[in-house]
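Written out below as structure tokens is the structure these notes cover.
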Amino acid sequence: MVYRTIIEPFRIKSVEPLRFSTRSDRERALASAGWNLFGLQAEDVLIDLLTDSGTGAMSSEQWAAVMRGDESYAGSASFERFEATVRDLTGYAYVIPTHQGRAAERILFSETVRTGDVVPNNTHFDTTRANVEYQQAEARDLPCREAADLDSEAPFKGDLDVEALQRTLDEVGREHVPLVMVTITNNSGGGQPVSLANLRAVRAVCDEHEVPLFLDAARFAENAWFIVDREPGQHDRSPRAVAEELFRLADGCTLSLKKDGLGNIGGLLAMNDPDLAERCRNLLILTEGFPTYGGLAGRDLDALAQGLIEVTDPAYLRYRIRTAAYLAERAQEAGVPTVRPAGGHAVYLDAKRLLPHIPPHEYPAQALACELYLEGGVRGVEIGTLMFGRAGVDGHDSPAPHELVRLALPRRVYTQSHVDYVGEVIAGVRARADALRGYRIVEQPRWLRHFTARLEPLSATT
Ligand code: F0G
């Protein structure tokens, strides 16, 4: 007998209470946060789907590893264990720990990218883009064509457009492309995976032009699972074997260990080039710490090493990827369109189609995100004109290409009934969609406004 229900592949040893609230409690909390979900106190949130970064639950083996942590400033045994685990997984010779992913990005780009350079990527994550641009260089997104069609069920919508990469290298010239990056999975593109075939093709182009290839590997295990599940010829392999191959197709990686490291903090930079590693380590000492801890505690390194081993467990990945797909199905059943197929770490609700009566400059995805919170205490994040729009000449923001709400699933934190509840909340919001109103910004900073802007709901008469 094959059972249909994919159960959580763990049982619970330690619990943390949730605090329930009423709609009027939440209305008060949201008003005092300036209708910005980043401004809420976490205890006023019932189910927190703001991010899957650093929000996961550690296993009992990881907590045991915490106790093994060696806090020696130099030459700590925790670092040796961390380094051996990362080398085994990735094959890279040089392993540099950092406090999180963006620190690895800053160090890598400081040492490789110069003014006027172009860095191609399937799609840069915000911090990756910001760190490239900080070097006065261009962060060029080259997503595959299927990525633009939110409805397409294409299995590898995270792929990089190889022809566009070839064109970029021909136009810009090898001397102005210090490296090519591929983000697995493509977070900004809906959590979609990159195929092995695509990464091999990118590798071939990089070889032809003698350009190094780096992975932004924050969600490498989820990407490996999608390859095993969807890519012809890969079904009999383990996600671990596929992950090992992904890393070996590149010359190095940046990795936010707050995702598939199953840690609450941590990152790394790894590579095969000894000269580059030497320069990166020197920069690491300047801002992060000595090369055997890089801004982390010894206990973090031990817990992360254990996390990197656990994360490719097929039972864990099957449950993880199925959870996101299940939530997307609940949303679609309720009549709320989502990006298809569901991502690995998150479900992206399409507010543009759910709320056609709210124009982009009145932030439809923010309206949906706020309503999910007011309805059921569920916190997601707006990925639309509030995040990406720019102030236009007529006073209206230029619209972002999509108006999405990302519901990101923390790893091993919520159970099936929590996810069912979120599905019901989405259905509840759907039932009142026509009555939802837009928002206007009353206060905003110059950069990254979505984190701290204050907004105000527009009334039915405005
Ligand atoms: N790369 C990708 C693909 C990411 O998703 C993130 C973080 C980073 C790099 C940066 O890593 O946060 O450790 O410095 N993404 C989080 C998110 C913040 O919510 O998607 P970090």
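The values are calculated or read from the model by the stated rules, or taken from the named source; none is laboratory data. What you see is a predicted model; the values in this text were computed from it and never measured. Note that each Cβ is placed from the backbone with ideal geometry, even for glycine, and that neighbours are counted across all protein chains shown. For accessibility, only protein heavy atoms count, side chains too; no ligands or nucleic acids. Shrake-Rupley method; radii C 1.70, N 1.55, O 1.52, S 1.80 Å.
Classify the range 357-400: rounded, prolate or oblate, from the alpha-carbon gyration tensor (a ≥ b ≥ c, eigenvalue square roots; a/c under 1.5 rounded; otherwise prolate if a/b is larger than b/c)?
prolate
Starting from 0.36 nm per residue, how many nanometres of slack lie between HIS235 and GLU61 once their C-alpha separation is accounted for?
Values: separation 174, 0.36 × 174 = 62.64 nm, distance 2.89 nm.
Going from the current span to full extension adds 59.8 nm.
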> Taking θ as phi - 60°, what are the ³J(HN,Hα) couplings along the range 24-41 by the Karplus curve (6.51, -1.76, 1.60), each to the nearest whole Hz, with x for Gly and Pro?
Replying inline: 6, 4, 6, 4, 5, 4, 6, 5, 6, 8, x, 6, 10, 5, 5, x, 6, 6
> If you plug each phi of the range 162-176 into the Karplus form 6.51 cos²θ - 1.76 cosθ + 1.60 with θ = phi - 60°, what whole-Hz ³J(HN,Hα) values come out, in order, with x for Gly and Pro?
Replying inline: 5, 5, 5, 5, 4, 4, 4, 5, 5, 6, 7, x, 3, 5, 10
> What ranking do 151-161, 171-181 get when scored by the average of other Cβ atoms within 10 Å per residue, highest first?
Replying inline: 151-161, 171-181
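On a full-extension model of 0.36 nm per residue, what is the gain between ALA148 and ALA42, subtracting their alpha-carbon distance, rounded to one decimal in nm?
Numbers: separation 106, 0.36 × 106 = 38.16 nm, distance 3.38 nm.
Additional length available on full extension: 34.8 nm.
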> In nm, to one decimal, how far is the modelled label at ALA427 from the one at ARG322, with both set 7 Å along Cα→Cβ?
Replying inline: 2.1
> For the chain, how many pairs of lysine residues have a Cα-Cα distance under 28 Å, where the two are 8 or more positions apart or belong to different chains?
Replying inline: 5
> Which angle between 0 and 90 degrees, to the nearest 10, do you get for helix 239-248 versus the longest principal axis of the chain when only C-alpha atoms count?
Replying inline: 60
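Over the chain, give the accessible area per residue in Å² for a 1.4 Å probe, as an integer.
On the way: 19770 Å² over 462 residues.
About 43 Å² of surface per residue is accessible.
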>> What do you get for the angle between helix 101-112 and the principal long axis of the chain? Use alpha-carbon atoms, 0 to 90 degrees, nearest ten.
In response: 50
> Once you put a point 7 Å from the Cα of THR22 and another 7 Å from the Cα of PHE10, both along the Cβ direction, what distance in nm separates them?
Replying inline: 3.6
> In whole Hz, what ³J(HN,Hα) sequence does the range 250-259 give by Karplus (6.51, -1.76, 1.60; θ = phi - 60°), x for Gly and Pro?
Replying inline: 10, 9, x, 7, 9, 8, 7, 7, 6, 9
> Once label points are set 7 Å from the Cα along Cα→Cβ at both THR287 and ASP313, what is their separation, rounded to one decimal in nm?
Replying inline: 3.6
> Between ASN122 and residues 5 or more places away or on another chain, which pairs have amide H atoms under 5 Å apart, with H built 1.01 Å from N, and which residues are they?
Replying inline: LEU142, THR183
> Under 5 Å between amide H atoms, partner at least 5 residues away or on a different chain: which partners does TYR439 have, H built in plane at 1.01 Å?
Replying inline: TYR363, LEU458
>> Which three numbers, in whole Å and largest first, are the semi-axes of the equivalent ellipsoid of the range 1-141 derived from its Cα gyration tensor as √(5λ)?
In response: 34, 29, 18
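Over the range 243-327, what is the relative contact order in whole percent, taking alpha-carbon pairs under 8 Å and six or more residues apart? Don't skip to the answer; put the middle values down first.
Numbers: 66 pairs, mean separation 21.8, N = 85.
Reported relative contact order: 26 percent.
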>> Show me the GluC sites (Glu not before Pro) within the range 204-302 that DSSP assigns to loop and that have at most 10 other Cβ atoms within 10 Å of their Cβ.
In response: GLU210
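Can you give the relative contact order of the range 16-129 as a percent, counting alpha carbon pairs under 8 Å and 6+ residues apart?
Details: 37 pairs, mean separation 14.4, N = 114.
That works out to 13 percent.
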>> How tilted is helix 364-376 with respect to the longest principal axis of the chain? Cα atoms for both, answer in degrees (0 to 90, nearest 10).
In response: 80
>> 5 Å is the cut-off here: which amide hydrogens, built 1.01 Å from N in the peptide plane, fall below it relative to ILE383, excluding neighbours closer than 5 in sequence?
In response: LEU404, VAL405, ARG406
> For the modelled label position 7 Å from the Cα of ARG446 along Cα-to-Cβ, which residues of the range 26-47 have backbone nitrogen atoms closer than 15 Å?
Replying inline: none
> So what is the relative contact order of the chain, in percent, for Cα pairs below 8 Å that sit 6 or more residues apart?
Replying inline: 22
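Could you calculate the contour length gain from ALA435 to VAL172, that is, 0.36 nm times the residue separation minus the distance between their Cα atoms, to one decimal place in nm? Don't skip to the answer; put the middle values down first.
Numbers: separation 263, 0.36 × 263 = 94.68 nm, distance 5.01 nm.
89.7 nm is the gain from fully extending ALA435 to VAL172.
Considering only the chain, what is the antiparallel percent among its DSSP beta bridges, to the nearest 5? Working shown, then result.
Numbers: 27 of 41 bridges.
Of those bridges, close to 65 percent are antiparallel.
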> How many angstrom separate the Cα center of the range 275-304 from the Cα center of the range 191-229?
Replying inline: 25
